[in-house]
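Enquirer: One structure, as structure tokens, below. Some questions next.
The values are calculated or read from the model by the stated rules, or taken from the named source; none is laboratory data. All of these numbers come straight from a predicted model, not from anything done at the bench. All Cβ positions, even for glycine, are placed from backbone atoms using ideal geometry, and neighbour counts span all protein chains on display. In case anyone asks, the SASA skips ligands and DNA or RNA and just uses the protein heavy atoms, side chains included. Shrake-Rupley method; radii C 1.70, N 1.55, O 1.52, S 1.80 Å.
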Amino acid sequence: MKKILKAASLLLMVSLILTGCGNLQDSSLSGGSGSNNSVQTSSTSDTGIYDVLMSKGKYKTSPISGLSATTNTNEFNGRSFESGLTNLSQDQFSTNSYVFQEGQLLSANTVNNWLGRKSSKNPDGLNPKANDSTDPDKRTPIYLQQVMEQDYLQKENGKYKIQGISIGIAINSTDYYQKEQYGATYSTKISADQQKEQGERIAKEVVKRLRKMKNVGNDTPILVGLYSVAPQDTLVGGTYFQYGVSKSGSLDKFSNLNYKNQMLPVVNDEKPINSNDADNFSNFKSNIQSYFPNLSGVTAQAHYENSSLKSMDITINTQFDGLSQISSFTQFVQDSSSKYLPSGVDLDISIQTVDAQQSFISRVNNKYTSHVYNGH
């Protein structure tokens with residue numbers, strides 16, 4: 001299996017939290033008293049953001065982070081896959097009651113096997129056995145593209161224990177393949193009905209396997225979100241289309257989600273999902289370009305839930321990298337976003353050059369956090 005670049009939004013959020021806040025230390029997990037054995041959580045007074053469990057003062061990444069069945073070059077998928085699962089989790093695992101940790105239960109070897117096709121050599125494969133056809137309309141595609149795990153913990157008897165698990169199941173809408181090594185790339189389209197059928201099948205099996213793990217058992221709540229992977233030639237990431245929650249035992253019921261993503265400004269004569277949102281972004285873009293005309297691009301991925309704008313992921317490409325310019329521009333962008341973009345909408349704004357990211361602005365629950373890289 002190949003590794004893809006992981007979305008950086010959550011890690012950026014964590015680093016920003018740790019920059020401005022202290023740590024709450026808890027040595028109860030290790031049984032020792034020295035700082036080298038401590039377990040810590042990031043501390044923030046903001047609602048809507050999880051405290052993050054750390055070990056020995058370090059953020060723990062998941063061993064399955066970035067593993068995928070095939071290559072998909074759409075970089076927006078990673079961020080949408082991760083942030084969407086976190087948002088779904090907030091309804092099940094309150095940010096006031098749980099702390100967050102990237103998944104530590106599933107190993108890379110386990111998930112690599114799951115992402116493979118089922119065969120005599122790989123009985124754990126969750127993708128169906130190939131039928132040997134190379135015809136786009138006749139072959140058996142790769143449905144399962146990626147698996148993500150998020151753990152939600154609570155303190156019990158002086159120790160943090162996993163009290164909730166969220167699993168993201170990424171299902172391809174287009175499966176890319178080659179008929180011969182290094183040959184041309186072909187694709188098989190996967191319908192929404194096929195995504196639903198295969199996604200539910202895979203989700204039920206994943207919950208069944210998790211229930212057999214010692215640290216999970218039969219009573220740990222498990223949320224599973226089904227994510228539609230956006231094709232490579234689109235300018236936005238995919239969206240979650242269903243989710244289910246297993247309070248105990250099996251996963252039997254799924255709920256539909258009405259999520260959509262759209263690139264702003266719209267392209268190819270596409271009609272905006274909401275013309276007011278498109279106009280607001282156009283005004284924001286015009287304002288920052290008039291103040292700093294030396295910009296090479298301002299775009300946004302707008303995320304809608306039930307036709308209501310929930311968040312915007314904005315990328316601003318600049319041609320300058322002086323610290324004073326970036327610092328001034330970052331503050332101006334933050335002020336402009338507050339003035340022109342709808343309140344109540346979460347924002348991630350990345351300011352970057354071709355070579356590197358220069359600064360980052362985040363707005364969650366109408367509270368801003370910003371960071372200028374290489375600044376003080």
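Enquirer: With a sphere of radius 12 Å drawn around the Cβ of residue 52, what net charge do the other residues whose Cβ falls strictly inside it have (Lys, Arg +1; Asp, Glu -1)?
Expert: It works out to a net charge of -1.
Enquirer: Treating only the Cβ of Lys, Arg, Asp and Glu as charged (+1, +1, -1, -1), what charge dipole size does the chain show about its Cα centre? Round to the nearest 20 debye.
Expert: Charge dipole, the chain, about its Cα centre: 1240 debye, nearest 20.
Enquirer: Another one. Dipole magnitude of region 94-163 about its Cα centre, charges +1 at Lys/Arg Cβ and -1 at Asp/Glu Cβ only, in debye to the nearest 20?
Expert: Dipole about the Cα centre, nearest 20: 180 debye.
Enquirer: Grab the other residues whose beta carbon is less than 13 angstrom from that of residue 126, score K and R as +1, D and E as -1, and report the net.
Expert: +4
Enquirer: Let me ask another. Could you rank 216, 266 by how accessible they are, 1.4 Å probe, largest area first?
Expert: Ranked list, largest accessible area first: 266, 216.
Enquirer: Below 27 Å Cα-Cα, how many Lys pairs turn up in region 155-241? Only count pairs eight or more apart in sequence, or on different chains, if you could.
Expert: Going through region 155-241 pair by pair, I get 18.
Enquirer: Can you give the FRET efficiency to the nearest 0.05 for residue 134 and residue 73, using r as the Cβ-Cβ distance and R₀ = 25 Å?
Expert: The value I calculate is 0.70.
Enquirer: Report the GluC sites (Glu not before Pro) located in region 119-187 that are in a DSSP loop and have at most 15 other Cβ atoms inside 10 Å of their Cβ, or state none.
Expert: Counting only loop positions with at most 15 other Cβ atoms within 10 Å, the GluC sites (Glu not before Pro) in region 119-187 are 180.
Enquirer: Residue farthest toward the positive end of the dipole of the chain, with Cβ of Lys/Arg at +1 and Asp/Glu at -1: which of 213, 238, 127?
Expert: After comparing all options, I get 213.
Enquirer: Continuing with this model, one more query. Given that just one value was derived from the coordinates, which of [x] 66, 41, 36; [y] 56, 51, 49; [z] 63, 60, 38 is Cα extents along the principal axes in Å?
Expert: Given [x] 66, 41, 36; [y] 56, 51, 49; [z] 63, 60, 38, the calculated one carries the label [z].
Enquirer: Using +1 at the Cβ of each Lys and Arg and -1 at the Cβ of each Asp and Glu in region 110-246, identify which of 224, 165, 188 lies farthest towards the dipole's positive end.
Expert: 165
Enquirer: Follow-up. Rounded to the nearest whole Å², what accessible area per residue is found for region 326-376 with the 1.4 Å probe?
Expert: Normalised by residue count, the accessible surface of region 326-376 is 49 Å².
Enquirer: Just order 89-100, 315-326, 182-193 by mean Cβ neighbour count inside 10 Å, highest at the front, would you?
Expert: 89-100, 315-326, 182-193
Enquirer: Pick out, from 300, 68, 83, the residue whose Cα sits farthest towards the positive end of the charge dipole of the chain, with +1 on the Cβ of Lys and Arg and -1 on the Cβ of Asp and Glu.
Expert: In the chain, that residue is 68.
Enquirer: Using 0.36 nm times the number of residues separating residue 60 and residue 366, minus their current alpha carbon distance, what extension gain do you get?
Expert: Between residue 60 and residue 366, full extension yields 107.4 nm more.
Enquirer: How much net charge surrounds residue 140 when only the other residues with a Cβ under 10 Å from the Cβ of residue 140 are counted, with Lys and Arg +1 and Asp and Glu -1?
Expert: Summing Lys/Arg as +1 and Asp/Glu as -1 gives +2.
Enquirer: Suppose R0 equals 35 Å. What FRET efficiency, 1/(1 + (r/R0)^6) with r the Cβ-Cβ distance, do residue 179 and residue 282 give to the nearest 0.05?
Expert: 0.20
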